[in-house]
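Heads up: the structure comes next, in structure tokens.
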Amino acid sequence: MEQQDINSFIERNLKNFSVNSTGWNDLIGRMLSELLAAGWNMEHDVFGKEKFGGLRCYIYSEDEELNANLRKITNKYAQLSGKTCEICGNEGKLRIINSWETTLCINHFIDQKPIMEIDEEQNIMYKQKSILNMQDIVKAEVEFDWTKLKLYTQKSLNTDEYFSFSRQEPNYYLLLKAVPLHLFPEDMQRKISDLFQNLKDCEVCGHKALDHKSCLRCHHEPWGASKYHEEEYEEKADYIKECQMDIFIDEDGYEEYFKYDRSFEEIPGHQILFTPADLEEYKKLLF
């Protein structure tokens, strides 16, 4: 089999993959090359697409042995696609954008889901463009569990539209704290005030963000909040250490995104309890 024939086969079949961009082209090309090496007839086309943020390839042979080998190859590249940015081909992670699953590097994720900022003039901004100024807000609502914040201007009140913000985005609590309390319903004003006045230090992530039994920054429970803590860990330090390693490994990409969050104060002198050796041993258990 000549390399020129292999290249022609790859070029022809790349067009048969319905994917979001060109970041997986190299992966798909390598997969197609391996399929040929396994015994696939290059006269037959191969088809595939992106689904749930991963590469899916549809290929079948009536030869059971060949079919098993083809499946191993396509499964291998499905897993690799879950670690490869669909746009640029750099290292990526599965992420959620408007309920859609997609695999992106942090830069292209932020490009599609930009960081919200508040400037000195109290403009709420995305990508250095103002979408709303605090002085224009005439009404505010927040869900009881803090999941969503709705802000209204006089114009939006008349059209029953609003500006919506989610706690799944960095600086959400910074915005919640910045909105004047009197704009919220009376029953929420005291609740919001109490939230920020009573935050405690989180020993896991090192932010003053602990609200009762959960940290608003890292979402871990404080030691002793659940009875299983003492059942599964010999001591408090073991629990905190494991939580900190989970944050560092950042399998879901949360910390990579939320490093831009400025909602909570950092605790002076906060300690990281794990060592590089601890981390390597923990990775072996996980992966």
- Item | Extreme residue, most open to solvent (accessible area, probe 1.4 Å), among residues of the stretch 33-44 that are part of a helix (DSSP H, G or I) and among the small types (G, A, S) | A37
- Note on the structure: G23: passes all of (1) under 15 Å from T103 (Cβ atoms); (2) of a type in the set (G, A, S); (3) not in a loop (DSSP other than H, G, I, E, B) but (3)
- Note on the structure: The number of residues in the stretch 256-287 that are closer than 25 Å to L176 by Cβ and open to solvent by 50 Å² or more (accessible area, probe 1.4 Å) is 8
- Could you check the stretch 104-199 for helices (runs of 4 or more DSSP H) lying wholly inside it with 3 or more residues that are surrounded by 11 or more Cβ atoms within 10 Å (Cβ to Cβ) and of a type in the set (A, V, I, L, M)? 172-178, 186-197
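Within the stretch 111-132, is even one residue of a type in the set (G, A, S) and at pLDDT 95 or above?
Step one: list which residues in the stretch 111-132 are of a type in the set (G, A, S), which gives 130.
Those still in the list that are at pLDDT 95 or above too: 130.
Looking for residues that are of a type in the set (G, A, S) and at pLDDT 95 or above, one finds at least one in the stretch 111-132, hence yes.
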- Message: Can you list residue pairs whose Cβ atoms sit under 9 Å apart, with the first residue in the stretch 242-271 being farther than 29 Å from L285 by Cβ and the second being open to solvent by 100 Å² or more (accessible area, probe 1.4 Å)? Count only pairs 6 or more apart in sequence or on different chains.
- Response: S263/K177
- Please state which of the following conditions E86 fails to meet, knowing it meets all the rest: (1) within 24 Å of I106 (Cα to Cα); (2) free of Cβ contacts under 8 Å to residues at least 60 places away in the same chain. (2)
- Only one of R12, R30 is open to solvent by 20 Å² or more (accessible area, probe 1.4 Å), under 24 Å from L104 (Cβ atoms), touching a residue at least 12 places away in the same chain (Cβ under 8 Å) and in a helix (DSSP H, G or I), namely R30
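The values are calculated or read from the model by the stated rules, or taken from the named source; none is laboratory data. Since this is a predicted model, take the numbers as computed values, not measurements. We place every Cβ from the backbone using ideal geometry, glycine too, and count neighbours over all the protein chains shown. Areas reflect the complete protein model, heavy atoms only, side chains present, ligands, DNA and RNA absent. Shrake-Rupley method; radii C 1.70, N 1.55, O 1.52, S 1.80 Å.
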